[in-house]
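Remarks on the structure that follows.
The values are calculated or read from the model by the stated rules, or taken from the named source; none is laboratory data. Just so it is clear, the model here is predicted, and its values are computed rather than measured. When we count neighbours, we look across all protein chains shown, and the Cβ atoms used for this are built from the backbone with ideal geometry, even at glycine. What goes into the accessible areas is simple: the full protein's heavy atoms, side chains included, and nothing from ligands, DNA or RNA. Shrake-Rupley method; radii C 1.70, N 1.55, O 1.52, S 1.80 Å.
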Amino acid sequence: MEPPPVKIAYLFSTFPHLNTTFLQREVRGLNRAGLFPILTANRPPAADVFHPGDQDLADETFYLNPVRLFPYLKANCTWLIRHPRRYVQAIGLALTLRDAFPGQRFRNLARLAGAAVLAEHLRTHHVTHVHAHFAFGAAGVAILLEALCGISYSVSVHGSDVLMPHPLTFEKLRRARFVISNCRHHVHFLRERFPELGRQRFFVVPLGLSLSEEPWRDVYPLEPLPPLRILNVARFDPVKGHDTLMDACARLRDRGIPFVCRLVGDGPTRPEVGRLIRNHHLSGQVEILGPLFEKDVARQFDWCHVMVLSSRSEGTPMTVIEAMAKGRMVVAPDMTGLPEMVTSGESGLLYPKNSPEALADCLAKLFQEPEHLAEMAAAGRRQAKKRYDASINAQALTMIFREEIGT
């Protein structure tokens with residue numbers, strides 16, 4: 001006999017979004033596994049930053065913003081009148097929780113107001129547990145929601161939310177019922193950074209792709225060299241190190257190695273990267289494609305020989321999993337969770353971060369010994385099937401929720 005569905009809600013900062021397509025995939029996987037989480041988010045996405053195919057998820061999501069004055073006043077007055085002690089205690093917590101980030105108390109009070117609205121919504125769905133994705137604003141709402149109405153919460157961490165300083169990270173993790181990480185590195189990092197988390201329960205569930213479905217099902221043969229086809233899929237942000245990649249490309253050109261490079265993504269440093277391309281005289285070899293939907297990104301993997309990351313900081317980038325799923329090898333910096341994803345010399349090559357010379361050496365080696373391209377690409381595809389199948393990982397995640405939360 002199938003166990004009854006666990007009554008949980010998923011809480012996001014923004015949902016759905018092109019930058020986090022793995023979250024849309026996770027929700028659909030949980031639905032297929034019979035969990036059916038109630039979808040909530042702090043704010044809706046702009047119309048042009050999520051795929052039209054995810055409109056059903058946007059329509060299903062309950063958003064706290066934009067703030068509607070009457071529902072906010074009604075919900076907060078209701079909780080103050082019906083549960084004055086809990087409401088006053090939650091205000092006390094909001095005023096107490098703070099760290100080095102300025103204005104945290106005011107942010108907490110605003111989130112408490114939203115938590116009251118969310119509590120009313122979740123009550124109608126008989127939700128007993130909330131799972132927040134990323135240790136950002138959504139997790140901050142979850143803390144105050146628990147204080148207000150007793151709904152427990154857990155958190156999924158993904159990389160930038162715990163590897164870089166953010167408000168109340170320790171409190172968000174300490175108060176969580178459990179924490180799910182997409183790699184072991186984040187768990188080790190957090191335990192070293194916060195020894196007080198020694199008794200916190202962590203679970204590791206990797207991200208995944210629907211490997212039995214388009215566009216990730218089919219793998220196409222590599223086109224013959226030359227030129228070497230390089231692909232970079234990353235938002236245009238200083239942390240992604242596009243300057244390192246452009247420097248490496250200039251070194252390849254100076255060595256006489258024929259190549260073409262495509263950059264997929266968008267962000268604040270896109271104009272600066274354009275200037276780097278011109279300054280390095282790479283306009284004929286490096287092209288910025290801009291942001292693309294998932295199917296179009298998959299076509300770029302079919303086109304390339306190698307997917308390159310040049311980041312200064314990363315968690316467990318989805319683009320590595322996508323490259324492996326499409327049977328393409330990866331060249332990436334040797335840091336954080338990447339050695340768990342890429343076995344250097346087997347499914348890709350790792351190099352010291354911030355080293356354009358080392359990155360150029362890796363790419364030159366692949367051009368000079370092209371037989372390694374196919375060998376490592378095939379190994380990556382095998383690894384993707386073993387570790388990054390979304391349906392298998394959704395089942396593992398469902399089991400965690402059932403065992404930790406009950407029915």
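Among the numbered conditions (1) part of a loop (DSSP other than H, G, I, E, B); (2) touching a Leu at 6+ places or on another chain (Cβ under 9 Å); (3) open to solvent by 50 Å² or more (accessible area, probe 1.4 Å), the only one that T336 does not meet is (3).
Summed over the range 345-383, residues that are of a type outside the set (G, A, S), touching a Ser or Thr at 6+ places or on another chain (Cβ under 7 Å) and not in a loop (DSSP other than H, G, I, E, B) total 5. Taken over the range 89-112, the criterion of being over 27 Å from the mean Cα position of the chain (by Cα), open to solvent by less than 60 Å² (accessible area, probe 1.4 Å) and in contact (Cβ under 8 Å) with a residue 12 or more places away in the chain is satisfied by A90, I91, L93, A94.
Restricting attention to the range 385-404, and to residues there that are open to solvent by less than 40 Å² (accessible area, probe 1.4 Å) and part of a helix (DSSP H, G or I), which single residue is nearest to H131 (Cα to Cα)? Per the stated criteria, the residue is F401.
So which of L292, L276 is free of Cβ contacts under 8 Å to residues at least 60 places away in the same chain, hydrophobic (A, V, I, L, M, F, W, C) and part of a loop (DSSP other than H, G, I, E, B)? Lay out the reasoning, then the answer.
Working: L276 fails: part of a loop (DSSP other than H, G, I, E, B).
Checking each option against the conditions leaves just L292.
Being part of a loop (DSSP other than H, G, I, E, B) and within 19 Å of N19 (Cβ to Cβ) is the filter here; which residues of the range 198-248 pass it? It would help to see each step written out before you state the result.
Taking the range 198-248 as the starting set, the residues that turn out to be part of a loop (DSSP other than H, G, I, E, B) are 200-201, 205-208, 210-227, 234-237, 241.
P206, L207, G208, S210, P215, W216, A234, R235, F236, D237, G241, listed by residue number.
One residue stands out among those in the range 123-135 that are in a loop (DSSP other than H, G, I, E, B) and either basic (K, R) or touching a residue at least 60 places away in the same chain (Cβ under 8 Å) (or both): the one that is surrounded by the fewest Cβ atoms within 10 Å (Cβ to Cβ), which is H126. Taking (1) outside any helix (DSSP H, G or I); (2) within 18 Å of the chain's Cα centre (by Cα) in turn, G256 satisfies each apart from (2).
Is it the case that some residue within the range 326-336 is within 16 Å of R229 (Cβ to Cβ), of a type in the set (G, A, S) and in contact (Cβ under 8 Å) with a residue 60 or more places away in the chain? Scanning the range 326-336, I find at least one residue that is within 16 Å of R229 (Cβ to Cβ), of a type in the set (G, A, S) and in contact (Cβ under 8 Å) with a residue 60 or more places away in the chain, so the answer is yes. Based on what the data block shows, is L39 free of Cβ contacts under 8 Å to residues at least 60 places away in the same chain, of a type in the set (A, V, I, L, M) and assigned to a strand (DSSP E or B)? For L39, the condition - free of Cβ contacts under 8 Å to residues at least 60 places away in the same chain, of a type in the set (A, V, I, L, M) and assigned to a strand (DSSP E or B) - is met.
Can you pull out every residue in the range 61-110 that is basic (K, R) and more than 17 Å from G150 (Cβ to Cβ)?
Here is the first cut: in the range 61-110, the residues basic (K, R) are 68, 74, 82, 85-86, 98, 105, 107.
Within the range 61-110, R68, K74, R98, R105, R107 qualify.
Checking the conditions here, which among A176, A138, A142 is surrounded by 20 or more Cβ atoms within 10 Å (Cβ to Cβ), touching a strand residue (DSSP E or B) at 6+ places or on another chain (Cβ under 7 Å) and assigned to a loop (DSSP other than H, G, I, E, B)? Can you show your working first?
On the way: A138 fails: assigned to a loop (DSSP other than H, G, I, E, B); A142 fails: assigned to a loop (DSSP other than H, G, I, E, B).
Checking each option against the conditions leaves just A176.
Every residue in the range 256-276 that is of a type in the set (G, A, S) and open to solvent by 30 Å² or more (accessible area, probe 1.4 Å), please.
Residues of the range 256-276 of a type in the set (G, A, S): 256, 265, 267, 274.
Once the filter is applied, which keeps residues that are of a type in the set (G, A, S) and open to solvent by 30 Å² or more (accessible area, probe 1.4 Å), the range 256-276 yields only G256.
With respect to (1) closer than 25 Å to N108 by Cα; (2) crowded, with 21+ Cβ neighbours inside 10 Å; (3) at pLDDT below 95, the lone exception for C183 is condition (1).
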